[in-house]
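What follows is a set of notes on a single structure, which appears directly below.
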Amino acid sequence: MSKFSQHNFANQKALVRVDFNVPLDKVTFEIKDDTRIKAAIPTIEKILEDGGSVILMSHMGRPKDGPEAKSSLQNIIKHVSDLLGGKKVLFANECVGDEAVQISKDLQPGEILLLENLRFYKEEEDGDEAFAKKLSQLGDVWVNDAFGTAHRAHASTAVIAKFFSVENRFFGYLMEAEVSSAEKVMHKSEKPFTAIIGGAKVSDKILIIENLLERATDIIIGGGMAYTFMKARGGNIGNSLCEDDRLSNAITLLEKAKAKNVSIHLPEDSVIADKFSADANTKVAASDNIPDGWLGLDIGPKAVSVFSEVIKKSKTILWNGPMGVFEMEKFQNGTKSIAFAVAEATTNGAFSLIGGGDSVAAINQFHLAEKVSYVSTGGGALLEYFEGKELPGIKAVTA
Ligand code: AMP
């Protein structure tokens, strides 16, 4: 792989895999959150400024049976153009075929072409080699800047690599930043290293916790998943979220942590509610003594205090998943307080990486994105990275 910043793309056609899978309004198809598009702009601009041309390819949504209006990348042409200072963005109604080939061929230095949704072709997700080859023929070099899909071995994210020599394969700026932040936490963490894991389900997070037991000094567990641990330890959790088929997993994790000298911090108390609703009656209770009919929807004040102290003493922080149902005001204090503690630790020199859809939404909701070290654009990809899996989209560029 060559280093993106050191390469001069003059007169080259760069085929850039981006993640423009942005949420659209169901009726108007307007973009609701353009974070992912914005994140790819520096990569596009660098190639154009060098005097190269850019062919953008992305997926959007989960189209099942070929083309559909709500997943067409036509919906985002104007916005991509606006973010590039009004530069014209050409569009091909296909990814492979005569039209795509002709427009790519005619592309002049400084011009941009956006291809239609890759997932309109089932060959994309199948990782079809012939399809990948056809895509590869549109460009001289391949730039992978789609961290959000780096955990997929699809035609455009991984299989395509074999049609470019190693010096013609690049990470874009976004991918470079994502990989270096993730590597820093995974392999070069300064201790104490605290992982904050929250969200609804233990089953989604078992592998990541297991892998983090090899690296972290402290693991904070909050959110709905904490109650499976509480019940596994013999506590009464009322009607709180619980995965009964994961109780033994929870016990095993706690035992492994003890053997490895990793401190697991569970919430001592919770904000409990008499129904899952924004207007529920609430009170604070011990997390292992929740009355029947009540459910824990946020960590309580004692937990906030203990968790915040652990976070503030940390030198490396990884955060995935909210501490409670932060979407409702009555249950957002835990997540908000933890967000502020992460920001404070960062100000005092810690390296903090936030990843996974809901923790990113939370950090944005509390306007703290600028106060942490790095906010990842990858949900599933980041999780799989921290589960210790090799990501096909990374390996394809570097191998
Ligand atoms: P996940 O996608 O697994 O990270 O879960 C995120 C979701 O978990 C968010 O929508 C939260 O509202 C929800 N959540 C967090 N804490 C709780 C809880 N104590 N009970 C129910 N849902 C929760």
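The values are calculated or read from the model by the stated rules, or taken from the named source; none is laboratory data. Only a predicted model underlies this, so the values are computations on that prediction, with no experimental measurement involved. Methodologically, a virtual Cβ is constructed for each residue, glycine included, from the backbone with ideal geometry; neighbour enumeration extends over all protein chains shown. Heads up: the accessible areas ignore ligands, DNA and RNA and are worked out on the full protein's heavy atoms, side chains in. Shrake-Rupley method; radii C 1.70, N 1.55, O 1.52, S 1.80 Å.
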- Query: Can we say ALA303 is assigned by TED's automatic domain parsing to the domain that holds THR347, small (Gly, Ala, Ser) and in a loop (DSSP other than H, G, I, E, B)?
  - Reply: no
- Task: Would you mind stating whether GLU190 is farther than 24 Å from GLY52 by Cα, among the acidic types (Asp, Glu) and touching a residue at least 40 places away in the same chain (Cβ under 8 Å)?
- Result: yes
- Task: Please enumerate the residues belonging to the range 380-390 that are surrounded by fewer than 24 Cβ atoms within 10 Å (Cβ to Cβ), touching a residue at least 60 places away in the same chain (Cβ under 8 Å) and over 13 Å from TRP319 (Cβ atoms).
- Result: GLY380, GLU384, GLU387, GLY388, LYS389
- Task: Quick one: count up the residues across the range 305-324 that are crowded, with 23+ Cβ neighbours inside 10 Å and in contact with a Gly (Cβ under 8 Å, 6 or more places away or on another chain).
- Result: 8
- Within the range 341-359, the residues that are open to solvent by 30 Å² or more (accessible area, probe 1.4 Å), without any contact (Cβ under 8 Å) to a residue 40 or more places away in the chain and either within 16 Å of the ligand (Cβ to nearest atom) or not β-branched (Val, Ile, Thr) (or both) are GLU344, ASN348, GLY349, GLY357
- Item | Segments classed as strands (runs of 3 or more DSSP E), wholly inside the range 1-118, with at least 1 members that are open to solvent by 10 Å² or more (accessible area, probe 1.4 Å) and among the aliphatic types (A, V, I, L, M) | 89-92
- Selection count where residues are touching a Gly at 6+ places or on another chain (Cβ under 8 Å) and within 23 Å of ALA155 (Cα to Cα), scope the range 1-16: 6
- Item | Residue selected from the range 247-301 under the condition open to solvent by 50 Å² or more (accessible area, probe 1.4 Å) and of a type in the set (Asp, Glu), by the criterion farthest from the ligand (Cβ to nearest atom) | GLU255
- Query: Can you name the number of the only condition in (1) away from the ligand (no atom under 15 Å from the Cβ); (2) of a type in the set (A, V, I, L, M, F, W, C); (3) over 27 Å from HIS151 (Cβ atoms) that VAL304 fails?
  - Reply: (1)
- Within the range 123-140, residues without any contact (Cβ under 8 Å) to a residue 40 or more places away in the chain and open to solvent by less than 70 Å² (accessible area, probe 1.4 Å) come out as GLU123, GLY127, ASP128, ALA130, PHE131, ALA132
- Message: Please verify whether ASN261 is more than 20 Å from THR194 (Cβ to Cβ) and either polar (S, T, N, Q) or not assigned by TED's automatic domain parsing to the domain that holds ILE208 (or both), treating the condition exactly as stated.
- Response: no
- Message: Can you tell me how many residues within the range 222-236 are of a type outside the set (D, E, K, R) and either part of a loop (DSSP other than H, G, I, E, B) or away from the ligand (no atom under 14 Å from the Cβ) (or both)?
- Response: 8
- Message: Residue under question is ALA232, and the condition is that it be open to solvent by less than 10 Å² (accessible area, probe 1.4 Å) and at negative phi; does it hold?
- Response: no
- So which of GLU370, GLU329 is open to solvent by 40 Å² or more (accessible area, probe 1.4 Å), of a type in the set (Asp, Glu) and more than 16 Å from the ligand (Cβ to nearest atom)? GLU370
- Task: Output the qualifying pairs, or none if there are none: Cβ atoms under 9 angstrom, residues six or more apart or on different chains, first residue in the range 274-285 and closer than 16 Å to ILE237 by Cβ and modelled with pLDDT of 95 or more, second residue β-branched (Val, Ile, Thr) and open to solvent by 90 Å² or more (accessible area, probe 1.4 Å).
- Result: none
